[in-house]
Amino acid sequence: PPDFSQKVSESMQYPFKPCMRVEVVDKRHLCRTRVAVVESVIGGRLRLVYEESEDRTDDFWCHMHSPLIHHIGWSRSIGHRFKRSDITKKQDGHFDTPPHLFAKVKEVDQSGEWFKEGMKLEAIDPLNLSTICVATIRKVLADGFLMIGIDGSEAADGSDWFCYHATSPSIFPVGFCEINMIELTPPRGYTKLPFKWFDYLRETGSIAAPVKLFNKDVPNHGFRVGMKLEAVDLMEPRLICVATVTRIIHRLLRIHFDGWEEEYDQWVDCESPDLYPVGWCQLTGYQLQPPASQSSRESQSASSKQKKKAKSQQYKGHKKMTTSQLKEELLDGEDYSFLHGASDQESNGSATVYIKQEP
């Protein structure tokens, strides 16, 4: 359109400004948050420097609508762990970000049937985003937030628990992977393979979180397998890379980074603020990482790739060799169609996938 440049300029005005203080996940201890200060804003993406970083190099990148950042006081209000700052007073020019600027989470009713500690579910591992793992609710917080641990990989002090909202598109009911033919990562060290949920629940004396408590909304997102886009490498979130959609399950997208092996793929929600259209980096002046060539892959493998592996491998479980039919006892007949995925070629938001179909 003739006013394209003006529209772009208007859309580049962001409410987050340098020197604003936020609470953000502690990248070294996922179970807690820390205070960080906005250092710069590019295309709605924030470079946050942890408040106690004297040389301002201890940073974290995320989008301003990321579920990982919150207003000052959020952790205390919901009962989340928080690393108190050694800095006793705000530094000159720093000020708390107004709460209304943060992404709103859906209100939930926790008074009736609700998630409980010890319930089992399936969850995307935040330290290895190519895997969906057997997981357990470890703590129920206020406002619909849950602390979740990956079975078989948890630290004794719970320092690697992570926080997902009950409506998060990154948690799934028991059986979701099996029915949608996604490889489920069983607990590390679990030897009874192929993994069967029914047996595991019985062995651990656990119950599955009710299917009806999970987010069932599927937007009509329009993504198709094979589409190209620009995507944040969430293991190195300052990087935005050339990527391809390789699978679609309801609202869940499998994102492959061009030129890299599949072990670096990421499961990402279709509405994630970490996905961008082709050309976004050029438009905003952000550096785009091109597809890795064979030679550059080999030259980088000793450094950056090794770093990525070290970060993620601690959560890799045994490979599941086959998919077996889930026992009927696990499936609530009324909710079966929620678990059952759309095919990889489907991406519309038709509500029929969540409605019990007559034979």
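Close amide H contacts of C133 (hydrogens built in the peptide plane, cut-off under 5 Å, sequence separation of 5 or more or a different chain): A123, I124, D125, T185. Listed by chain and number, the aspartates and glutamates whose C-alpha is less than 12 Å from the C-alpha of K83, apart from same-chain residues fewer than 8 away, are E23, D26, E51, E52. Once the Cα-Cα distance is subtracted from the 0.36 nm per residue extended length, the S77 to E271 segment shows a gain of 67.2 nm.
Label point of S206 set 7 angstrom out along Cα-Cβ; within the range 132-147, amide nitrogens under 16 Å from it belong to 132-140, 146-147.
Placing R0 at 30 angstrom, the Cβ-Cβ distance between T191 and E262 gives a FRET efficiency of 0.75 after rounding to 0.05. So for the range 227-289, considering every pair of alpha-carbon atoms, how many percent are separated by more than 19 Å? Looking at the range 227-289, the distances longer than 19 Å represent 22 percent of pairs.
Please work out the FRET efficiency for the pair D157 and R238, using the Cβ-Cβ distance as r and a Förster radius of 30 Å; give the result to the nearest 0.05. Intermediate results must be reported in sequence, preceding the final value.
On the way: r = 29 Å, r/R0 = 0.96.
According to the calculation, E is roughly 0.55.
Semi-axes, largest first, in whole Å: what does sqrt of 5 times each Cα gyration tensor eigenvalue give for the range 51-177? Could the numbers behind the result be given before it?
Numbers: eigenvalues 164, 65, 41 Å².
Gyration-tensor ellipsoid for the range 51-177: 29, 18, 14 Å.
Label the range 12-101 by shape, choosing from rounded, prolate and oblate, from the square roots a ≥ b ≥ c of the eigenvalues of the Cα gyration tensor; if a/c is under 1.5 it is rounded, and otherwise prolate applies when a/b is larger than b/c, oblate when it is not. Taking the square roots of the gyration eigenvalues as a ≥ b ≥ c, the range 12-101 is rounded. The string of couplings for the range 136-148 from the Karplus curve (6.51, -1.76, 1.60, θ = phi - 60°) is 9, 6, 9, 7, 9, 9, 7, 6, x, 8, 10, 9, 10 Hz, one whole number per residue in order, with x for Gly and Pro.
The range 1-99: which GluC sites (Glu not before Pro) are DSSP loop and have at most 14 other beta-carbon atoms within 10 angstrom? List each step's numbers first, then the result.
Details: sites: E10, E23, E39, E51, E52, E54; in loops: E51, E52, E54.
Sites meeting the loop and neighbour criteria: E52, E54.
For D199 and V108, the FRET efficiency from 1/(1 + (r/R0)^6), where r spans their Cβ atoms and R0 equals 22 Å, is about 0.10.
FYI, it's all coordinate maths here, none of it is from the lab. All values derive from a computational prediction rather than experimental measurement. As a convention, Cβ positions derive from the backbone with ideal geometry for all residues, glycine included, and neighbour counts pool all protein chains shown.
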